[in-house]
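The values are calculated or read from the model by the stated rules, or taken from the named source; none is laboratory data. Just so you know, these numbers come straight off a predicted model, no measurement behind them. Cβ sites come from the backbone with ideal geometry, for glycine too, and all protein chains shown count toward neighbours.
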Amino acid sequence: MVNEKEENVVFVGKKGTMSYVLAVVTQMNQGSKEVFIKARGKAISRAVDVAEIVKNKFVTDAKTAEIKIKTEEIATEEGNPLKLSAIEIKMIK
């Protein structure tokens with residue numbers, strides 16, 4: 001899930017859904033032909049919501065080109081490994 005151009009990536013976290021929708025729409029309106037929406041763990045459902053809202057309400061000619069899922073292993077504060085689900089949604093215009 002490494003992308004050469006990190007400027008067209010929106011990392012979904014704990015903010016409100018519309019914050020991420022705005023970020024994706026802004027990038028598409030500024031000429032990006034593709035935008036990657038990435039999320040891990042509990043934010044995955046929010047990332048799916050973002051993609052659907054963008055596609056259905058704001059950029060109606062946008063399409064979901066590709067969806068990648070995987071498990072990432074990160075270290076906790078105690079140093080123990082923790083496996084987290086991750087998603088990358090590629091949207092094209």
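If I ask for residues that are over 17 Å from Thr26 (Cβ atoms) and either modelled with pLDDT under 95 or surrounded by fewer than 10 Cβ atoms within 10 Å (Cβ to Cβ) (or both), which ones from segment 52-71 would you list?
Filtering segment 52-71 for residues over 17 Å from Thr26 (Cβ atoms) gives 52, 56, 63-71.
Correct list: Thr71 only.
So which strands (runs of 3 or more DSSP E) are wholly in the chain and hold at least 3 residues that are over 14 Å from the mean Cα position of the chain (by Cα) and of a type outside the set (Gly, Ala, Ser)?
In the chain, the matching strands (runs of 3 or more DSSP E) lie at 63-75, 81-92.
Restricting attention to segment 3-51, which residues are in contact (Cβ under 8 Å) with a residue 60 or more places away in the chain, surrounded by 13 or more Cβ atoms within 10 Å (Cβ to Cβ) and either within 18 Å of Ile69 (Cβ to Cβ) or not polar (S, T, N, Q) (or both)?
Val24, Met28, listed by residue number.
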